[in-house]
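Before any comments, here is the structure.
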Amino acid sequence: MQTLVQQVLNALQLGSVYALIALGYTMVYGIITLINFAHGDIFMVSTYVAFFVGTALMSQLLRLPGIVVFVLTVLAAMFATALLAVLIERFAYKPLRQAPRVSAVITALGVGLFLENFTLATIGPDPRFLPKFFPVVTFTMGGVAFSNIQIIIIAVSAVVMLLLDTIVRRTMVGMAMRAVSWDKFTAPLMGVPVDRIISITFAIGASIAAIGGTLFGMVYTVDPYMGIRIGWWAFISAVVGGIGNIRGAMIGGYILGFVEIFTPVILPASTYRDFVAFSLLLVLLIFRPYGILGRPVAQKV
Amino acid sequence: MKRPSLSFLSRVLAPLRAAYESLPPPVRRWTTPMLLAVFFVIALFSPSFINLYWQQVLIYVGINIILTASLNLVNGYMGEFSVGHAGFMAVGAYVASILTVWVFPRWGLGEYVPYLFPLALLIGGLAAGLTGLVIAFPSFRTRGDYLAIVTLAWNMIVKSVLENIDAIGGPRGFMGMQKLTSVAWVYVWVIITIYLLRNLVYSNFGRGTLSIREDEIASSLVSVDTRKVKITVFVVAAFFAGIAGGLFAHIIQFINPRSFSILKSTDVLVMVYLGGIGSLGGSILGATVYTVLLELLRPLQVWRWVVGPLLLVLLMIFRPYGIMGMREWRFLIPPEERVETVAALMERIRRKREAVAAPAPAGGSSG
Amino acid sequence: MPMLRIRGLTHYFGGLRAVHDFHLDLEPGELVGIIGPNGAGKTTVFNLITGVYRPTEGEILFNGHNLVGKRSDQIVSLGIARTFQTIRLFKNLSVLDNVRIAHFARASYGVLTAVFRLPKYVREEAETRERALELLELMGLSEQATWVASSLPYGLQRRLEIARALATEPRLLLLDEPAAGMNPGEIAELMELIQWIRQRFDLTIVLIEHQMRVVMGICERIKVLDFGETIAEGTPVEIQNNPRVIEAYLGEEAVV
């Protein structure tokens, strides 16, 4: 029983990160129907930004309190990653908006691999650790051990998701996003600055991934391949939830978190995780191609 | 769609073309087969005058041509977006390797393995072709992005399954293959692949495939059985990927699941889109240029892996249909399909009909 | 027994009723027009007949075959062909290939016969090529056979779309606004063409059209749809004098 609760906490922690990244996939898809395969690597870049900024700020000279460093690190990662995403959109995706959709997807795949290999070539393959912003405190409650870091990850993620949901549903920017995603051709006639809204969507998606990236880096190591490793899982989360649907991405993230943590519990080896996750995806796509919360698009004849 | 001009290439090749045109027709007819035979002899004796390194490069070029041409069938001719070609390659590689390393020797055929190699490749190809159905069936219901995800998942599943089967080495990989793949063998398989694919492309199935790319609904409304076409295309493409996998396994003599990751699939994608979609000549060109380019960039070490993705992005932005997009080299077009043959046939039909009846109103040559 | 018999055809898109209780009996050789304002459900009727959508309710019988639940290609093979409101040619393919693709269901050779270039493949391909070219020649597209379809002028694209439909050897031809986007001269040509192919290929034709000139000029019988309902049916003269039709087209004030 205790291990079960323990595992549930682990799954929530991991699921939170998946959900945060999945949001970026789903928002971009929602607005320009592009599978932004580079998003996982944007997340990877964000953890490196967090690593460098965090390490620099934690130096003894500054003597800043941990919480301040944490907040500054997150903000720096968010800003840098948002900038990167907007630049990618501007220079790689925008020229292809009129081109066949496949071209843009391939470009996204190319951009992702470029980021990965570029990081590999410049920084190297060795795993890195983010500095400890907070002393790790472990609580024990009814035989279940959990750390303050775990609580921070789960709580911060939940707050960010609630915030995003509110932004999309309640604010003008959110309304404009929904307008663009509904009809790219009519939205500008209604005074919606389409290009700017698309840029904002990329920026928000990337900054949320950066929050996820910093949180992730507080528990796991950072390396150039994590964009693919973690990114794919987040991507599956988005598809499982129904790509283009924000709440779907959140649900999908937690589902995948549970799949990853509980697969080794049920099956003999942890190496089956990929198999389970991708089979789940395949089966889902065959029987419910539009995910849990997604809706089928009608074809115009 | 815009068609890139080939003025540079055609200008370079113009004298050759003129020489060829001046040959008498019976000679012209046999030129291509003769040239192919001459190249085969060269390939056969190449080990005696080309060093091992360049032999290996040539072999990779050949394997990549097979991979590229077969993926082009799916991505270029049918307009679907498959990103999991390496998955089929893996199936072919493992099946063929298990045959030559375990099965044949166990049957007491150890010394005949070099002669049984084509059989091993064929069985590997067939096994891969069978798994092509895994993609074909979902493709009835989903298209575009979702099918891309299906193929991606397929690639990941194959890799993960291979990693979990300990009997064939799991993540450590599988070895013990003899070095059976030679320049001559690869050459023969390339010719077979291109010849068979060309025949397919210029058949009922090929036209059906193209019509799915152009407009799937219109295609089914002019009687194309799109399911049959999709099954055919996915199985055939997977079959040739499997053959390529078998050849690959018997040159590097060591395969592991990581050799067939999504990165490998992306390499094939680059070659398809570099050479040009919907073109077998483009596939030959794309595979050759990319393979040789990566070899020349070897001194750059890690940095050369930045080149492929960057090239892919630039291609998509500036030349999305590739060098030869939807064009074909003349010698790859069956004679009866060439423009002048069709025009001549048309002329004959017109004369015949004019002797009998009138055409549709406002028709004739008014266009 | 009519050639085509449609009873109680009803179709919903979500909560929206696109077609309601549509009936049609078609005798061989007839030329029937369907008219109605935009969004009246005309094209939806075509989509239901050709299997693009599956009807919510109703039955469609064609020469005794039940069409409901059949795939489009099966329906086409039974002898129904159609064209589209907005031209849907295979743009990047040659004019010849556009027509040859419509021979798909009739080819009897298999994949292996094709890839190994067996005699059967060679023979059938030669036959297909010749028949496709004959059709193109007949339809006045002989000069353009090797052109890329998208390079044809608009009028010829319409013509090619009809040729492509004819290549499936239909008994029944469904034309969806063939005169859309044409100038008066082209429209006159088109009307002549429709009557000519009807004779030449012994066709039964259903025509959706906005151009009253076309419908009134060549149709023997007309059905009028409005908001998915059939509001009138009869000869061109009857339709022109039907108050409900005038109301649907011009609004109530015009009647008064």
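Bear in mind that the values in this text are calculations on the coordinates, not laboratory data. As the structure is a computational prediction, the values presented were derived from the model and not from experiment. Ideal geometry is used to build each Cβ from the backbone, glycine not excepted, and the neighbour counts take in all protein chains shown.
Which value, in Å to one decimal place, does the Kirkwood hydrodynamic radius take for the protein assembly as shown when every pair of different Cα atoms is included?
The answer is 30.7 Å.
Could you sort B:340-349, B:245-254 so that the peptide with the highest average Cβ count within 10 Å comes first and the rest follow in order?
Listed from highest to lowest mean packing, they are B:245-254, B:340-349.
Using packing as a proxy for protection, rank C:120-131, B:264-275 so that the peptide with the highest average count of other Cβ atoms within 10 Å comes first.
The most tightly packed comes first, giving B:264-275, C:120-131.
Non-local amide H neighbours of residue C:232 (under 5 Å, H modeled in plane, Pro and chain starts lacking H): which ones?
Long-range HN contacts for residue C:232: C:224.
So, counting K/R as plus one and D/E as minus one, what does the shell of residues with Cβ under 11 Å around residue C:113 add up to?
Charge balance near residue C:113 sits at +1.
With everything on Cα atoms, drop me the angle between helix C:154-167 and the longest principal axis of chain C, reported from 0 to 90° to the nearest 10.
70 degrees
Counting DSSP beta bridges in the protein assembly as shown, what percent are antiparallel, to the nearest 5?
So the antiparallel bridges amount to about 65 percent of the total.
What is the helix-to-structure angle for B:52-72, meaning the angle in degrees between its Cα long axis and the longest Cα principal axis of chain B, kept from 0 to 90 and rounded to the nearest 10?
So the helix axis and the longest Cα principal axis differ by about 50 degrees.
Assign one of three labels to region A:91-245, namely rounded, prolate or oblate, based on the Cα gyration tensor with a ≥ b ≥ c the square roots of its eigenvalues; rounded applies when a/c is under 1.5, prolate when it is not and a/b is larger than b/c, and oblate otherwise.
In terms of gyration-tensor shape, oblate.
Once amide H atoms are built 1.01 Å from N in the peptide plane, which residues 5 or more positions from residue C:18, or in another chain, come under 5 Å H to H?
For residue C:18, whose amide H was placed from the backbone, the distant partners under 5 Å are C:11, C:12, C:13.
Once phi is turned into θ = phi - 60°, what whole-Hz ³J(HN,Hα) does the Karplus curve with 6.51, -1.76 and 1.60 give for every residue of region A:177-182, x standing for Gly and Pro?
Result, ordered by residue: 4, 5, 5, 5, 5, 6 Hz.
Cα centroids of region B:291-358 and region C:51-67: how far apart, whole angstrom?
Each part's Cα centre sits 42 Å from the other's.
If you count, for every residue in C:103-112, the Cβ atoms of partner chains within 10 Å of its Cβ, what is the mean?
5
Can you tell me, using C-alpha contacts under 8 Å and at least 6 residues apart, the relative contact order of chain C as a whole percent?
Taking the mean separation of contacting Cα pairs over the length of chain C, I get 27 percent.
If you take every DSSP beta bridge fully contained in region C:4-255, what fraction is antiparallel? Give it as a percent rounded to 5.
Bridges in region C:4-255 that DSSP calls antiparallel: roughly 55 percent.
Please report the relative contact order for chain B, taking Cα pairs under 8 Å with a sequence separation of at least 6, and give it as a percent rounded to a whole number.
Worked out over chain B, it gives 28 percent.
If you count, for every residue in A:86-94, the Cβ atoms of partner chains within 10 Å of its Cβ, what is the mean?
1
Quick one: angle between helix B:262-275 and the longest Cα principal axis of chain B, in degrees between 0 and 90, rounded to 10, please.
Relative to chain B, helix B:262-275 is tipped by roughly 30 degrees.
Between region A:25-82 and region B:175-242, what's the alpha-carbon centroid distance in Å?
Here the two parts' Cα centres lie 45 Å apart.
Which of B:106, C:171 comes first, and how do the rest follow, when ranked by fewest Cβ neighbours within 10 Å?
In increasing order of surrounding Cβ atoms, one gets B:106, C:171.
Can you put C:223, B:179, A:132 in order of Cβ neighbours within 10 angstrom, beginning with the fewest?
Placing the least packed residue first, the sequence is B:179, A:132, C:223.
Explain nothing, just the number: relative contact order of region B:212-294, from Cα pairs under 8 Å at least 6 residues apart, as a whole percent.
13 percent
Residue by residue, what Karplus-based ³J(HN,Hα) values in Hz, rounded to whole numbers, does region B:161-172 have, using 6.51, -1.76 and 1.60 with θ = phi - 60° and x for Gly and Pro?
5, 4, 5, 9, 9, 5, 4, 9, x, x, x, 6
Among C:90, C:104, C:116, which one shows the highest mean-square fluctuation when chain C is modelled as a Gaussian network with alpha-carbon springs under 10 Å?
Ranking C:90, C:104, C:116 by mean-square fluctuation puts C:116 first.
For region A:220-299 and region C:174-227, write down the distance between their C-alpha centroids in whole Å.
Computed from Cα coordinates, the inter-centre distance equals 53 Å.
Run the dipole for chain A about the Cα centre, Lys and Arg Cβ at +1, Asp and Glu Cβ at -1, nothing else charged, and hand back the magnitude in debye, nearest 20.
Roughly 680 debye for chain A.
I want to verify a result. In a Gaussian network model of chain A, Cα cutoff 10 Å, which of these has the top mean-square fluctuation: A:159, A:74, A:180?
A:159
If the elastic network links every pair of Cα atoms under 10 Å, which of A:73, A:171, A:221 fluctuates the most in the Gaussian network model of chain A?
Of A:73, A:171, A:221, the Gaussian network model singles out A:171 as fluctuating most.
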